[in-house]
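Read through the structure below, which is laid out as structure tokens, and then see the notes.
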Amino acid sequence: MTDFPISRPFLGTVCLLLTSHIAVDARGDDTAGADERPPNVIVIFADDLGYGDLGCFGHPTIRTPHLDAMAAEGVRLTQFYSASSVCTPSRAALLTGRLPIRSGMCSDRRRVLFPNSGGGIPASEITLAEALRERGYATACVGKWHLGHLPQFLPTQNGFDRYFGIPYSNDMDRVNDAPAGKGAFWEPQVAYWNVPLMRDEAIIERPADQTTITRRYTEEALAFIREKQDQPFFLYLPHSLPHVPLFRSPEFADRSQRGLYGDVIEEIDWSVGQVLETLRELEIEQRTIVWFTSDNGPWLSFDSHGGSAGLLREGKGMTWEGGMRVPTIAWWPGTIPAGRIDTGLGSTLDIFPTSVRLAGGELPTDRVIDGYDLTDSLTGKAASPRQQMYYYRGTELMAIRQGPWKAHFITQGSYVGNTRPVAHDPPLLFHLDIDPSEKWDVADRHPDVIEQLRQAAESHRQTVEPVESQLEIPLG
Ligand SMILES: [Ca+2]
């Protein structure tokens, strides 16, 4: 086996030499040779959806029948983490399988990219779209990008054949005469945010009509699936909602007992149902793995316009569980057994290696990959290989989880009130299997565990090399 290529221009040449490890396939395809075909990969990624916001994750009044059915037919992952508590680093981690600190897609000064940012995902990073395209996949990104809005950073420069969506958050580019403070959010109007809607590299609508954005993402996604049904494809579908400001199509207005936020989730749930139904209609559901998860926890400072982390502590922007543990479902009829709940650890970091291996590729060897191949745990054949999770805020390692234990070295608020960091020595220690809500600090009873976690943190730090932050580069 050769080393994976170091620079992008050589990617194609070398990848063709890689040996193929197509997953054993007993999924009953009736066309000759279809068993050799690697599975399609679909990643549906909600924005700021909390751990407690789905029916199948315990919400009492938000109705999510399609996601509940997806969970019943697939596996629910109850200890699954985003690699960051905010948008940009979280997306970089998902698409590269690497902690954001390794790619420069995090910062201690600016937590995400803004319209006045000049940086973006470095060309040296290998995205999941690039890795899968090299394996013959058709690729599409439909939704919120937030890895750089300048031409050289767009999805079409990062392995995606096509792009349709908003290049950053739906609350950016706010116009000057919009109501001040949070006033603009409580009764949001499309015209308050001058966000662009793009097709490939061109702006096709500005401000984007966010009222219909979930429906249009869905239509775009379904069209791609239909068009590419006869070849392996990767569809990355990062919804721009339920990030505030909240919008939904007229058909979903005032439907949910949970109010506007519930309406938004119910439209996303409808969208998921459309995707799964289309796969079934095309009879490709048994060769498609679909992930549903969220990029970070709920934005709690937006009151009823933010979501719920359920029994988890705190939310978006923080390294408490509510900020980074996300509601996750994996679905692949005939391969992932139905109705299972997997309490093993997992992360969006793991989607990259899992997908690349399913596609018959090999992981890059010239860089640290922080993800694990979860195929055997998803299919119930083995326990999850992931034992640790690192909780970063910018470049600071705030906390570490090892097995059931989590130590917080530093805690900090999110965006409002007191956001000064508070150092803990000894660290706060929680047993997350017993205490998922992080209520009972048991540090004084387990000095040995603390020592192990300190050493694990130190070993991890040794693997991190400083790189330039892309989030601090100004525009122009
Ligand atoms: Ca987010």
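Derivation of every value follows stated rules applied to the coordinates shown; laboratory data play no part. This structure is a prediction, so every number in the text was calculated from the model and none was measured. We place every Cβ from the backbone using ideal geometry, glycine too, and count neighbours over all the protein chains shown.
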Taking a straight Cα-to-Cα line shorter than 17 Å from Lys439, and setting aside same-chain lysines fewer than 8 residues away, one finds Lys406
Quick note, the stretch 39-386: a/c under 1.5 would make it rounded; otherwise a/b > b/c is prolate and the rest oblate (a ≥ b ≥ c, C-alpha gyration tensor); here it is rounded
Quick check: from the Cα gyration tensor, does the stretch 390-472 come out rounded (a/c under 1.5), prolate or oblate? oblate
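Just need the relative contact order of the chain here, percent rounded to a whole number, with Cα pairs under 8 Å and 6+ apart. Don't jump to the answer; show the numbers that get you there.
Values: 1128 pairs, mean separation 120.6, N = 476.
Computed over the chain, the figure is 25 percent.
How do 206-216, 222-232, 315-325 rank on mean C-beta neighbours within 10 Å, highest first? The partial results should precede the final answer.
Numbers: 206-216: 19.1, 222-232: 16.6, 315-325: 28.0.
The packing order, highest mean first, is 315-325, 206-216, 222-232.
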What aspartates and glutamates does Lys182 reach when the alpha-carbon gap must be under 16 Å and sequence neighbours fewer than 8 apart in one chain are set aside? Asp171, Asp173, Asp303
Given Ala407, Ala330, Gly143, which one lies farthest toward the positive end of the charge dipole of the chain, if we put +1 on the Cβ of every Lys and Arg and -1 on the Cβ of every Asp and Glu? Ala407
Phi-based couplings in Hz for the stretch 43-53 (Karplus 6.51, -1.76, 1.60; Gly and Pro marked x): 10, 9, 10, 7, 10, 6, 6, x, 4, x, 9
Net +/- balance of residues flanking Phe153 in space, Cβ distance below 11 Å, scoring K and R +1, D and E -1: -2
Just to confirm the filter: which trypsin sites (Lys or Arg not before Pro) across the stretch 408-476 are DSSP coil and have at most 14 other Cβ within 10 angstrom of their Cβ? Lys439
Lysines near Lys144 by alpha-carbon distance under 21 Å, same-chain residues fewer than 8 away left out - which ones? Lys316
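About its Cα centre, what dipole magnitude does the stretch 39-386 give when the only charges are +1 on Lys and Arg Cβ and -1 on Asp and Glu Cβ, stated in debye to the nearest 20? Before the final figure, lay out the partial values.
Values: 33 positive and 43 negative charges, 136 e Å.
With Lys and Arg at +1 and Asp and Glu at -1, about 660 debye.
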Which net charge results when you count Lys and Arg as +1 and Asp and Glu as -1 among the other residues whose beta-carbon is under 9 Å from that of Tyr390? 0
Please give me the summed charge of the neighbours of Trp193: other residues whose Cβ is under 9 Å from its Cβ, Lys and Arg +1, Asp and Glu -1. -1
Quick check: pseudo-label points 7 Å beyond the Cα along Cα→Cβ at Glu219 and Ala338, how many nm apart are they? 3.3 nm
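Compute the length gained on full extension between Glu36 and Glu465: take 0.36 nm times their separation in residues and subtract their Cα-Cα distance, giving the result in nm to one decimal.
150.5 nm is the gain from fully extending Glu36 to Glu465.
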